[in-house]
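Structure record follows, encoded as structure tokens.
The values are calculated or read from the model by the stated rules, or taken from the named source; none is laboratory data. In this text the structure is predicted, and so the values were computed from the model without any measurement. All Cβ positions, even for glycine, are placed from backbone atoms using ideal geometry, and neighbour counts span all protein chains on display.
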Amino acid sequence: MVGVSAQLQAGGSPADSVGAVVRLIGEHAREVNQRRAADIAAALARDIREPLQPAELTELADLAHQVAGSAGTFGFADASGLASSIERMLAESALGQVTRLRATQLRTAQVRVRRLCEQLAAEPDYDYPDSGDEHGTDAFSAGVGLADPRDVPV
Amino acid sequence: MSVVRHVLVVDDDDLLAEVARAALELVAGWQVTTAGSGAQAQLLAVSARPDVVLLDVMMPGQDGPATALAIRSNPDSAEVPIIFLTAKSHPEEENHRWRHLALAGVIPKPFDPMTLSAHMARILGWSG
């Protein structure tokens with residue numbers, strides 16, 4: 001994929017070029033995210049027969065995390081939010097025992113994964129929600145970056 | 001005349017790394033180097049001499065925080081600004097765990113490619 005931006009740089013505004021790159025890469029990203037969602041769905045279906053182990057649930061949570069981080073950039077903002085909620089449910093389930101609550105949570109996750117698959121099959125919408133101050137943050141307001149780098153313990 | 005900045009983008013998702021590269025190169029005219037792992041980033045933070053590292057938090061093996069700590073621990077890269085890129089829904093909850101990493105800032109995923117460079121510039125106090 002490296003060099004796609006260079007290939008598209010000739011002609012058009014930067015916005016047009018970036019839009020073209022995102023759409024081009026997005027076609028492939030959608031397939032990757034659909035595959036990730038399908039893998040989660042298949043694993044959750046197996047859980048009915050044999051409860052998934054915590055390590056497996058953690059892996060599934062990581063997969064959902066990847067969808068959450070990727071889908072929104074490629075025109076699937078709602079799917080990204082849904083994937084985040086699935087990630088949380090799977091991560092919480094990985095910490096718990098095999099209980100009725102866990103089973104309920106995983107069934108809910110299963111329903112959400114089905115919806116996620118449907119959303120990823122729809123047409124992408126590249127109208128990004130506002131980003132910037134209200135989402136991201138500098139270290140000062142977040143309180144994460146105030147230490148002097150030289151003070152970091154090695 | 002605007003300054004050409006050099007950004008090290010670190011993400012194990014190569015599709016996202018490529019979008020970030022396109023966004024930063026085409027919108028801001030910055031130079032971009034990409035790394036697909038924390039270990040690779042740790043080396044490039046020294047050899048490529050980036051002006052900033054845009055670092056994904058959750059990666060297999062050496063994750064973002066471990067990579068940031070390694071970069072900070074090397075005198076040759078200790079002072080490079082680091083911005084975390086994270087899909088965590090509430091990154092502020094992680095703030096206390098990240099405080100010692102002296103981050104310049106945090107940008108949430110998913111990101112808007114058109115505004116990514118402006119967002120980074122605002123965090124870093126860069127103009128032009």
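Does residue B:65 satisfy the criteria of being within 12 Å of chain A (Cβ to nearest Cβ), over 11 Å from the mean Cα position of the chain (by Cα), modelled with pLDDT of 90 or more and farther than 26 Å from residue A:91 by Cα?
In short, no.
Search the range B:15-30 for residues being within 21 Å of residue A:71 (Cα to Cα) and over 14 Å from the mean Cα position of the chain (by Cα), and hand back the single one that is surrounded by the most Cβ atoms within 10 Å (Cβ to Cβ).
Step by step, filter the range B:15-30, then rank; the result is B:22.
If I filter the range A:90-104 down to residues being over 17 Å from residue A:38 (Cα atoms), part of a helix (DSSP H, G or I) and not basic (Lys, Arg), which single residue comes out as modelled with the lowest pLDDT?
Looking at residues that are over 17 Å from residue A:38 (Cα atoms), part of a helix (DSSP H, G or I) and not basic (Lys, Arg), I get A:101.
Any residue at all in the range A:95-114 that is within 14 Å of another protein chain (Cβ to nearest Cβ), surrounded by 14 or more Cβ atoms within 10 Å (Cβ to Cβ) and not β-branched (Val, Ile, Thr)?
Within the range A:95-114, none of the residues are within 14 Å of another protein chain (Cβ to nearest Cβ), surrounded by 14 or more Cβ atoms within 10 Å (Cβ to Cβ) and not β-branched (Val, Ile, Thr).
Kindly check whether there is at least one residue in the range B:23-32 that is part of a loop (DSSP other than H, G, I, E, B) and within 9 Å of chain A (Cβ to nearest Cβ).
yes
For the range A:21-48, enumerate the residues that are among the charged types (D, E, K, R) and under 18 Å from residue A:113 (Cα atoms).
Matches in the range A:21-48: A:30, A:31, A:35, A:36, A:39, A:46, A:47.
Yes or no, residue by residue, for (1) of a type outside the set (S, T, N, Q); (2) surrounded by 23 or more Cβ atoms within 10 Å (Cβ to Cβ):
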{"site": "A:24", "(1), (2)": "yes, no"}
{"site": "A:28", "(1), (2)": "yes, no"}
{"site": "A:48", "(1), (2)": "yes, no"}
{"site": "A:51", "(1), (2)": "yes, no"}
{"site": "A:54", "(1), (2)": "yes, no"}
{"site": "A:69", "(1), (2)": "yes, yes"}
{"site": "A:74", "(1), (2)": "yes, yes"}
{"site": "A:84", "(1), (2)": "no, no"}
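Give the range B:76-100 a look and list any residue that's modelled with pLDDT of 95 or more and facing another protein chain (nearest Cβ under 7 Å), or say none.
Selection gives B:78, B:79.
Looking at (1) more than 11 Å from chain A (Cβ to nearest Cβ); (2) at pLDDT 95 or above; (3) more than 17 Å from residue A:69 (Cα to Cα), which is the one condition that is false for residue B:10?
Single failed check for residue B:10: (3).
If you take the residues in the range B:75-124 that are β-branched (Val, Ile, Thr) and touching a helix residue (DSSP H, G or I) at 6+ places or on another chain (Cβ under 8 Å), which one is nearest to residue A:62 (Cα to Cα)?
B:86
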